[in-house]
Amino acid sequence: MKALMQELRENALNAISDAESIDSLDALRVRYLGKKGELTAILKQMGKLSAEERPVMGQLANQIRSDLEASIENTRKRLEAAALEARLQMETLDVTIPAKELKLGHKHPMYMALDEIKDIFVGMGFTVLDGPEVELASYNFDKLNAEEGHPSRDWSDTFYFDEDSRVMLRSQTSPMQVRAMETMPLPIRIIAPGRVYRKDEVDATHSPMFHQVEGMVIDKNVTMADLKGTLNAVMEQLFGEGTVTRFRPHHFPFTEPSCEMDVQCHKCGGKGCPTCKGEGWIEVLGAGMIHPHVLEMSGIDPEEYTGWAFGMGLERLAMRRFKISDLRLIFENDVRFLEQF
Ligand code: PHE
């Protein structure tokens, strides 16, 4: 029995000093010293021994147990120190290695154009408003004089949320006229840029989502001359001095008289080319004098106050400003395109 125990001691000490991880060390502890371990198994046979031999073997067993425990503890310390060393090695930082180049993006060309437009209008005393894209049809249509049955209210043109056609994705920024009239003190000078939605197929000049910038002025003695003068000044600041514009009569339910404004084509100077589809002019906005009934519906006395409003397509302006030929480029987010600006 003594020989058995000595053999166990030898084997265990060897195995412990060879252990390569804390886990395998724990397994060895269980294997040799655990309740069902090898040392315990030997001790269970003590009953067979004589009365003289028993205490001698008991002492030897205790000695072996404490030897093994000491060895396990030593090995544990060694393994932990090695693990720490390895971690320190791994986490060393070489501060002399060149840093990874950080790629900073920049503003999207359409927002660059919008910033220029905002700057120009803020410089003229306008306030910039933000408004909801999910809009009530009453604001998008009714309060703008487009009553039930108006073609623009059709389901084939407009994204509605409900069967009763009361909640919709706004199809224009013009509801911001109403929101401003209802909430702001007079006189009013605002622009309201934002997304609008229409059921259009995507092509070089159309997208079901695009951006408009609405503008409105209401004050005493405001006339169509103010409208033309302001918009001409804006276009010159945006596109350069001497930019030529023209105003054509048009119809909008909420303005009277109404017009559209074209900017002479920058490519051909008005002769007609592919960029302007042979027209010589590029349409950039709709505008007009706010209809007296629209003023009235929002609680403004049309005998005392007059006003004008416009709505321009932001993508079109950005395309002209940066000479972009296809609307889709603006939304595709291809960095090779965007990096050019
Ligand atoms: N909301 C009109 C459109 O989307 C544009 C417009 C705005 C016209 C303001 C007149 C006045 O076509």
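To test your reading of the geometry: what angle, between 0 and 90 degrees and rounded to tens, separates the Cα axis of helix 224-239 from the longest principal axis of the chain? The two axes meet at around 50 degrees. If you run the Gaussian network model on the chain, springs between alpha carbon atoms under 10 Å, then out of LEU25, LEU327, LEU169 the most flexible one is LEU25.
Please report the relative contact order for segment 1-150, taking Cα pairs under 8 Å with a sequence separation of at least 6, and give it as a percent rounded to a whole number. Across segment 1-150, relative contact order equals 21 percent.
Tell me whether the chain comes out rounded, prolate or oblate; compute the Cα gyration tensor, take square roots of the eigenvalues as a ≥ b ≥ c, and use a/c under 1.5 as the rounded threshold. Taking the square roots of the gyration eigenvalues as a ≥ b ≥ c, the chain is prolate. Cβ-Cβ distance of VAL167 and VAL122, R₀ of 35 Å, FRET efficiency by 1/(1 + (r/R0)^6): the value works out to about 0.65. Oblate is the label for segment 219-294, because a/c, from the alpha-carbon gyration tensor with a ≥ b ≥ c as root eigenvalues, is 1.5 or above and a/b does not exceed b/c. Between segment 185-223 and segment 282-333, the C-alpha centres lie 4 angstrom from each other. Over the chain, with a Gaussian network built from C-alpha contacts below 10 Å, which listed residue (LYS199, LYS118, LYS103) shows the highest mean-square fluctuation? Taking springs between Cα atoms under 10 Å, the residue moving most is LYS103. Pairs of Cα atoms nearer than 8 Å and 6+ residues apart set the relative contact order; for segment 72-200 it is 27 percent. Largest mean-square fluctuation among THR40, THR243, THR158, in a Gaussian network model of the chain whose springs join Cα atoms under 10 Å apart, belongs to THR40. Averaging the inverse of every distinct alpha carbon separation and then flipping it gives the Kirkwood radius. What is it for segment 19-101, in angstrom units? Roughly 16.1 Å, rounded to one decimal.
Applying the Karplus relation 6.51 cos²θ - 1.76 cosθ + 1.60 with θ = phi - 60° to segment 303-316 yields 3J(HN,Hα) values of 6, 9, 10, 10, x, 10, 8, 9, x, 10, x, 5, 4, 4 Hz, where x marks Gly and Pro.
The dipole here belongs to the chain: it is taken about the Cα centre, uses +1 on the Cβ of Lys and Arg and -1 on the Cβ of Asp and Glu, and is about 1500 debye. In percent, rounded to a whole number, the relative contact order of the chain is 14, using alpha-carbon pairs under 8 Å and six or more apart. Estimated at 0.36 nm per residue, the fully extended path between ASP326 and ALA81 surpasses their Cα-Cα distance by 81.7 nm.
Bear in mind that the values in this text are calculations on the coordinates, not laboratory data. Note that the coordinates shown come from a computational prediction; the quantities given were computed from them, not determined experimentally. Note that we place each Cβ from the backbone using ideal geometry, even for glycine, and neighbour counts take in every protein chain shown.
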